[in-house]
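Q: If you scroll down you'll find the structure; I have some questions about it.
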Amino acid sequence: MTSVILIDWLEAILRWSAPLIICSIGEVYAERSGIINMGIEGIMLCGALCGVAVCYYANSQVAALLACLVLGAVLGLVVAFLTVSRRTNQVVTGLMVNMLATGGTEIVFSMMAATRHNRATTFSPLFPEAMQQIPFIGKIVFAQPWSTWVAFILPFIAGFILYKTRWGLNVRAIGDNPQAAETAGISVIKVKYQTVILSGIFACLAGGVLTLASSGYFAAGGMVNGRGFIVMAAVVVGGWDPIKTMLVCVLFGAADAAQLRLQTIGSAIPNQFLQMLPYVITIIALTIMVKRSRVPKTWGAAYDGRKD
Amino acid sequence: MDNKAYALKMQGITKRFPGTLANDHITIECEHGKVLGLLGENGAGKTTLMNILYGLFRPDEGQIFIDGEEVEIQSPSDAINHGIGMVHQHFKLVDTLTVIENVVLGLPTMKQVLDLAPAKEKLLKLCHEYELFVDPDAEVWRLPVGQQQWVEILKALYRDCKVLVLDEPTAVLTPSESNNLCRAISKITAQGKSVIFISHKLREVMEITDNVTVLRDGKVIGTIATKDATQLKLAEMMVGRAVEIERRPRAKVPADSEPVLVMKDVNVYDERGVHALKNFNLTVHAGEIVGVAGIDGNGQRELAECISGLIKPQSGTIEIKGKPVTGVISDPSFLGFIPEDRHKTGLVLDFTVAENLIIKEYMKAPFAKKGILQYKEIGSHANEMIDKFHVKTSSKDVAVKTLSGGNQQKVVIARELNPEPILDIASQPTRGLDLGAVMGVHDVLMQERERGAAVLFISAELQEVMALSDRIIVLYSGENMGDLDGDTADQAVIGQMMLGKRI
Amino acid sequence: MGEKKTLNLPLIGNIILTKGHSVLGIILGIIAGGILILISGVNPFDAYGAMLRGAFRNWASFTNVLVRSSPLLLGGIGVAIGIKSGLWNTGIEGFMYLGGIGAAIVSTMNLGLPPVLYVLLCFLVGMLFAGVWGAIPGYLKAYRGVNEVTCTIMMNYIAVYLTNWIVTSTPIAQPEAFYPMSLPFAQATYLPILTQGTSLHIGPFIGIVVCLVFYFLLKYTSFGFRTRMLGYNPIAARYAGVNSKRQMVIIMVIGAMLGGLAGTIECIGLRHRLYMEYVTNVGYESVAVALVAGGNPIGVLVSALFFSILKAGGATMAIETGVSSSMSSIIIALCVLFVVGVGVADEKSASARKRKAKAAAAAKKEVAE
């Protein structure tokens, strides 16, 4: 009995962490270059709807993901234009993008009655079904949709790009000292646009994975439920490192998965307190970790290229 | 004359900023393998000119020739491509990256996937060639300031620059490091590269350069061969008058004068854990100016901040008139503190002049009664201070950020010294001010001495320390190197102590 | 003469002059909203006409605007005072829930107090609950360096679930309710209704008074001086002897108490019960209100009323023209984005130009292009 629950939980951890991890990758890049994209919550929401809708109407997962990619890039471009070119406050910009996304998805969703009752086809497992028969591991690992596999490989690629490539070096330099990067001949504005657009793309894809890797349904409003903000916390706790951030995302995913499992086995603790778990853990993790991590020096500050 | 003779020629460069003419038809010429000195006071237009050369600003008029060919420089990468290397006064290094990462940053020749090994090899070769040694794998913030400058220079050399611009390079160097730099410069020129050496220190310009161009108020005053120049002549060109800061005449401090500031065995570690003040002892008496000489970054900031209570020493005692310092001192009749950085600590730039004059006393009568601000009192106080300290401002109600640097400093001085504190700390109070404003600050400090205040005067400019102090102490890497009498102190001796020699 | 000038209350015209970019931003936001309405297949002039009718048709419809402005006024001030001192208070939603919980606990107990006292007690408890809640992110920000935005948003979610628990599984929950809610409140706690037949309670006027009080507080008291100093230059404030950490906690707690008051007023003024998830978007709308107002309490007054017109009118617009009622929050978000988008960069270059000719504006921009 307990082993069934344990297996179920572990399986759910991986499944729930995947969208968080995907989203975190773009956010790591954006924040490393100095821009906090707070809009990822809303962009994720858009991605969740976009994924389901395109997948249902076009009946193609590839089309759905491509649509998420394009939508994410467009939304990222909007955030980039405001925060980089117009140097708007990043908190306000993000919150308002979230508000736009909440309202926008509600309207669009209400116009697509069919997706309410019909599931979009969800992602299939990467490995043949036979492998799920392997005891313990089979259910946990090999039943995962292919998106989970991608999510856990991505951070390593992202880490390699950040630490071992020219572009990654530029990103790291810009977040810490944009003036220095500018005098070294790097176009600060261009790289910031690139990272913020990437954060939009990954957030949107994460939204698509959120729905297409699990239920295939979209639910207006509460769909993303603060996951974007949790990702932002995870990036801070993870010290702006893709791989550490991935581990933190798994921790938060575990809390999320645990509350669902505990609800079903009827624990003595009221459901609502279990539902608080991911958020409480986020705050605790932030409190413990925040002083240990080295913040990108221009984190959250607008870069005014004209300043001497 | 044929432009080909010059490695770099900037001709007729004019740059207007709203309200000022920063560069007015400036022409400079730098020959192959020679060092051109660019001399001028702060605000003379040196930095603007170099920013134009480096593509950070675009000139309104004028041309730039490199090896006789006219070039257009629109961005730093253009400048780099044309073989211009620049070491800015404020280093343009990314602290958190390693030396080698900083060196290859922005290099278009690097492959997309970084391979640092050959780059390191090339860098080490350069290190040996110019005897500027740094560890390629060290993170920049861990390096001492001098080595950070080596990184900047090596970065330019790595890009195979033909003209290297050094903007006030010695401001942050110890004398032995300065010697290293001189040696490196002569090696650089020996290879046919040219160097533009920007400074306002005459002695160095005399030693290092081949030709000197002097700027004043955005104009070229003249260009002469260094061998034909004298310090006095250059100084006159630079400021239009003699600059020697005379020692102020004064009566002797009475022997029974009461000790005001007493520091015993104070140890301070800065935020990075560096031991910034080491077993520091100091006594300042009433009616006495104690000057603190030393190269910037040897514990001066920590000294000022621990006395004013902004940072806590890890051990030792600090007492002002017998009272131990435990927290931030905001009692203006007790301590007047002119901080090192006006903009960051001394002023709230968006507040008005009147508001800035009361930021320490806004809670007290007569400026506030029962928590309500008394704007009438605040206003009349402001007008009084503006008159008394000759602050040039259109009104007490304009934001202090609209004032000139000298007048901003006057606002700080008015606020800090008007309540007649028993102890004054003036930390680099003349930095960035023009000569007239500097003299004004010196006058104020002498008046404070006459009034009977104990004055601790911290400055990196040895000349002004010698002109003002009754006693001089020298800070070297957080240690008090010794106490000298201001009347008899010898510049050469102090210079030795600034390098860490105990005399 | 100088003294007289500082005592002048700014007039609306004055605000429009100094806040030109806010007005421009709002106009652009409304135009962009109109384009979206057009895309959704409705004539934007019809839609906006319906919106205006919904807000101004008669006194009854205008009371609707006022009622909706109540939480925005209080929440807006709560955020604005944070902006003035350099803190982002994004936790108004959570604070409102806590205020609602406080009010619910007191007013379902039927203490039999006279109405005035009972209402005051509700205010007090609601503000106390929210204040304690707000002290947590305040403390974490000031003493542990935890980013207040992330922290308050996380706490919003926690507050939502806390409320859900209270209205489903505690003694004050309504048993067998069709939607989770608390027991009905005692009659004595109901805020007085000002116009019969409408739901206009005194809440909006409390909000307006609070705006005026905070305007005075920020400008004419040493507390306000300290707050502004902290917002403009925290280092100088510390050096002038301000205990900036304590001040941060105080500001956060004040913001939280205002949010709590807003929640209490919503519950005892309008709904007379505590409902699950009864706060919809008001937390972020408060940020919008404060931001468009530039942190100025008088500005909060104007922008809260403006956004309430959009929200109250938006409901009518939805009914009459079929445009989704979510459109009003979209328009609000668009307005804010345009306000900040139009404003920030220009403001900065203007002050830079003034500050020092050397700071060099135009030249670098050319380079960037």
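Q: So, by mean Cβ neighbours within 10 angstrom, what's the order for B:246-257, B:383-394 with the highest one leading?
A: Those peptides, ordered most packed to least, come out B:383-394, B:246-257.
Q: For B:His390 and B:Lys201, FRET efficiency with R0 = 30 Å and r from the beta-carbon atoms, rounded to 0.05?
A: Computed FRET efficiency for B:Lys201 and B:His390: 0.50.
Q: Sticking with this one: Under 19 Å from the Cα of C:Lys141, which aspartates and glutamates turn up, not counting those fewer than eight places away in the same chain?
A: C:Glu93
Q: A follow-up question, please. Could you identify which residue out of A:Val79, A:Val280, A:Val231 has the top mean-square fluctuation in a GNM of chain A using Cα springs shorter than 10 Å?
A: Maximum among the listed residues: A:Val280.
Q: Calculated from DSSP H runs of 4 or more alone, at -39500 (n - 2.57) each and per residue, what is the 222 nm mean residue ellipticity of chain A, nearest 500?
A: The helix-only estimate for chain A comes to -23000 deg cm²/dmol at 222 nm.
Q: How many partner chain Cβ atoms sit within 10 Å of a residue's Cβ in peptide B:367-376, on average, as a whole number?
A: Mean partner-chain Cβ count within 10 Å for B:367-376: 4.
Q: How long is the gain from A:Lys164 to A:Lys190 if the chain were fully straight, where each residue apart is worth 0.36 nm and the alpha carbon distance is subtracted?
A: In short, 7.4 nm is gained.
Q: What are the residues whose amide H is under 5 Å from the amide H of C:His201, where those residues sit 5 or more places off or on another chain and H is modelled from the backbone?
A: The answer is C:Leu194.
Q: Express the relative contact order of chain B as a whole percentage, based on alpha carbon pairs under 8 Å and six or more residues apart in sequence.
A: Computed value for chain B: 14 percent relative contact order.
Q: What ³J(HN,Hα) values, in whole Hz, does the Karplus curve 6.51 cos²θ - 1.76 cosθ + 1.60 give for region B:467-477 when θ = phi - 60°, with x put for Gly and Pro?
A: Values, residue by residue: 6, 9, 8, 7, 10, 10, 10, 10, 9, 9, 6 Hz.
Q: Hey, if you put +1 on the Cβ of every Lys and Arg and -1 on every Asp and Glu Cβ in region B:240-341, which of B:Pro324, B:Val284, B:Gln300 ends up farthest toward the positive end of that dipole?
A: The residue sitting most towards the positive pole is B:Val284.
Q: Rounded to whole Hz and in sequence order, give me ³J(HN,Hα) for region B:312-321 from the Karplus expression 6.51 cos²θ - 1.76 cosθ + 1.60, θ = phi - 60°, writing x for Gly and Pro.
A: Rounded to whole hertz, the list is 9, x, 6, 8, x, 10, 10, 10, 10, 6.
Q: Something else now. Can you tell me the order of A:45-57, C:231-243, B:61-73 when each peptide is scored by its average per-residue count of other Cβ atoms within 10 angstrom, highest first?
A: A:45-57, C:231-243, B:61-73
Q: Please check: in the Gaussian network model of chain A (C-alpha springs, under 10 Å), which one of A:Ile43, A:Ile265, A:Ile284 has the largest mean-square fluctuation.
A: A:Ile265
Q: Label points 7 Å out from Cα along the Cβ direction at C:Val213 and A:Phe127: separation in nm?
A: Between C:Val213 and A:Phe127, the label points sit 6.4 nm apart.
Q: Springs between alpha-carbon atoms under 10 Å, Gaussian network over chain A: tell me which of A:Arg15, A:Arg116, A:Arg172 tops the mean-square fluctuations.
A: With Cα springs under 10 Å in chain A, the top fluctuation among A:Arg15, A:Arg116, A:Arg172 is at A:Arg116.
Q: When the helices in chain C are scored as -39500 (n - 2.57) per DSSP H run of 4 or longer and the sum is shared across all residues, what 222 nm value do you end up with, to the nearest 500 deg cm²/dmol?
A: -24500 deg cm²/dmol
Q: Here is a further query. If amide H atoms are built 1.01 Å from N in the plane of the peptide, which residues on other chains or at least 5 residues away come under 5 Å of the amide H of B:Phe280?
A: Distant-sequence amide H within range of B:Phe280: B:Asp265, B:Val266, B:Asn267.
Q: Here's another thing I want to ask about it. Which whole-angstrom value gives the distance between the alpha carbon centres of region B:479-499 and region A:28-70?
A: A separation of 67 Å, based on Cα centres.
Q: Nearest 20 debye, what's the magnitude of the dipole of chain C about its Cα centre given +1 on Lys and Arg Cβ and -1 on Asp and Glu Cβ?
A: 1620 debye
Q: Looking at the protein assembly as shown, send over the antiparallel percent of its DSSP beta bridges, to the nearest 5.
A: Around 60 percent of the beta bridges assigned by DSSP in the protein assembly as shown are antiparallel ones.
Q: Looking at this model, which pairs from A:Lys190/B:Lys401; B:Lys401/C:Lys84; B:Lys344/C:Lys84; B:Lys34/B:Lys162; B:Lys122/B:Lys162 are more than 21 angstrom apart at the alpha-carbon?
A: Violating the 21 Å limit, Cα to Cα: A:Lys190/B:Lys401.
Q: Taking the alpha-carbon centroid of each part, what is the distance from region B:17-76 to region C:94-159 in angstrom?
A: When both Cα centres are located, 61 Å separates them.
Q: Given B:Lys360/C:Lys245; A:Lys297/B:Lys46; B:Lys360/C:Lys219; B:Lys125/B:Lys155, which pairs have Cα atoms separated by over 19 Å?
A: With Cα atoms farther than 19 Å apart: A:Lys297/B:Lys46.
Q: Separate question: Find the relative contact order for chain A and round it to a whole percent, using C-alpha pairs within less than 8 Å whose residues are 6+ positions apart.
A: Worked out over chain A, it gives 37 percent.
Q: Let me know the mean shielding of A:166-172 by other chains, meaning the per-residue number of their Cβ atoms within 10 Å of its Cβ.
A: Counting other chains' Cβ atoms within 10 Å and averaging over A:166-172 gives 5.
Q: Could I ask something else about it? Please compute the average number of Cβ atoms from other chains found within 10 Å of each residue's Cβ in peptide C:225-231.
A: Mean inter-chain Cβ contacts per residue within 10 Å come to 4.
Q: Give the aspartates and glutamates reachable from B:Lys376 as a straight Cα distance under 18 Å; neighbours fewer than 8 places away on the same chain don't count.
A: Those aspartates and glutamates meeting the cut-off are B:Glu355, B:Glu361, B:Glu384, B:Asp387, B:Asp397, C:Glu3.
Q: What ranking do B:166-172, B:109-115, A:152-158, A:135-141 get when scored by the average of other Cβ atoms within 10 Å per residue, highest first?
A: Descending mean neighbour count gives B:166-172, A:152-158, A:135-141, B:109-115.
We did not get these values from a lab; they are worked out from the coordinates using the rules stated. These numbers were taken from a predicted model, which means no experiment stands behind them. So basically every Cβ, Gly included, is an ideal-geometry build from the backbone, and we count neighbours across all protein chains shown.
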